[in-house]
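The values are calculated or read from the model by the stated rules, or taken from the named source; none is laboratory data. Predicted model, so just to flag it, every value in this text is computed and none were measured. Here the Cβ positions follow ideal geometry from the backbone for every residue, glycine too, while neighbour counts run over all protein chains shown. Ligands, DNA and RNA are stripped out before the accessible areas are found, and what is left, the full protein with its side chains, is counted by its heavy atoms. Shrake-Rupley method; radii C 1.70, N 1.55, O 1.52, S 1.80 Å.
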Amino acid sequence: EVNAESLKAVVSTQSTGGRLNHGLLLVGYGPDHWEAKNSWGRDWGDEGFVKFSRKRVRSVCQIASHLYYPVVVSRDRGEEDQPDTVPDDELTNVALYKSTMSSDHLYSSEGTDGNTDTCFTTRSSMNPYFKLYLGKVYRVQRIEIVTKKGSNVIGSKVHIGNSGNFLDKRVGVIETEDEEIIIKLDTPVEGSYLYWELYSQDGARDLVACEIRVYAKDKNNGECPAGTIKCSDGVCRHSHMCSRA
């Protein structure tokens, strides 16, 4: 090994030779030396640093012949920069006609069929939830949840992410008894799942989903999915459902 005392404030020309078994971080250089930082603390070398000669034909400790360094590659794909948020009229309800899974492990479509008259209620438990898979990753900007009048959803939390559970980013905590809850995000959150959960410490409770809407800018630039049209309120539904909205 290179002797620590011999490296203090000098340029070392010593070399270990043989196989490599240690790495240093190269932090600088001068006309006649490389400067590197070791990982053995400030008591080693010159306050944890060492200088190696650049004048030898063969690099000291193979510092110039065995290197690992990052390469940053930038490609212009011809895409325009996307703003953090887009106007509401450019958003689409990407949850429409997607199925939800409840804490009962039952799949339902009542909460995403575009009809607020049809609702699905979980069984009462200490931790009822709805998990909604969006089909792909979207940049979610707005969430609307319509529940049943009289339902106690205060304290329930809404998450967006790619896990479909409470580990995803929390984007809102419901603190109102209103039937329609609106969550506007200052900055869009990317995710393929919406997770709406309630953790109760005061006995079993349930969640009622009459409609869950997740608004994002989709690749179709706001066009409705096949087989649906945009109703007067801007929501994509089957044509016969527009008159009931």
> Do you know which residues across the range 184-206 are among the charged types (D, E, K, R) and closer than 29 Å to ASP218 by Cβ?
Replying inline: LYS184, ASP186, GLU190, GLU197
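Which of the residues spanning the range 138-149 are open to solvent by less than 70 Å² (accessible area, probe 1.4 Å) and in a loop (DSSP other than H, G, I, E, B)?
Residue satisfying the conditions is THR147 alone.
So which residues in the range 83-107 are among the acidic types (Asp, Glu) and either under 15 Å from ASP206 (Cα atoms) or in a loop (DSSP other than H, G, I, E, B) (or both), if there are any at all?
ASP84, ASP104
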>> Name the residue that is modelled with the highest pLDDT, counting only residues in the range 46-62 that are touching a Ser or Thr at 6+ places or on another chain (Cβ under 9 Å) and in a loop (DSSP other than H, G, I, E, B).
In response: GLY48
> Of the conditions (1) open to solvent by 60 Å² or more (accessible area, probe 1.4 Å); (2) over 16 Å from LEU67 (Cβ atoms); (3) at pLDDT 80 or above, ARG19 fails just one. Which one is it?
Replying inline: (3)
> Which ones in the range 63-83 are open to solvent by less than 100 Å² (accessible area, probe 1.4 Å) and at pLDDT 65 or above?
Replying inline: ILE63, ALA64, SER65, LEU67
> When both residues are 6+ apart or on different chains and their Cβ atoms are under 7 Å apart, which pairs have a first residue that lies in the range 175-187 and is touching a residue at least 12 places away in the same chain (Cβ under 8 Å) and over 18 Å from VAL140 (Cβ atoms), and a second that is open to solvent by less than 90 Å² (accessible area, probe 1.4 Å) and in a strand (DSSP E or B)?
Replying inline: GLU179/VAL146
> Which of the residues that make up the range 154-177 are modelled with pLDDT of 90 or more and either open to solvent by 40 Å² or more (accessible area, probe 1.4 Å) or basic (Lys, Arg) (or both)?
Replying inline: ILE154, LYS157, ASN162, SER163, ASN165, PHE166, LEU167, LYS169, ARG170, VAL173, GLU175
> When you scan the range 119-137, how many residues do you find that are surrounded by fewer than 15 Cβ atoms within 10 Å (Cβ to Cβ) and assigned to a loop (DSSP other than H, G, I, E, B)?
Replying inline: 4
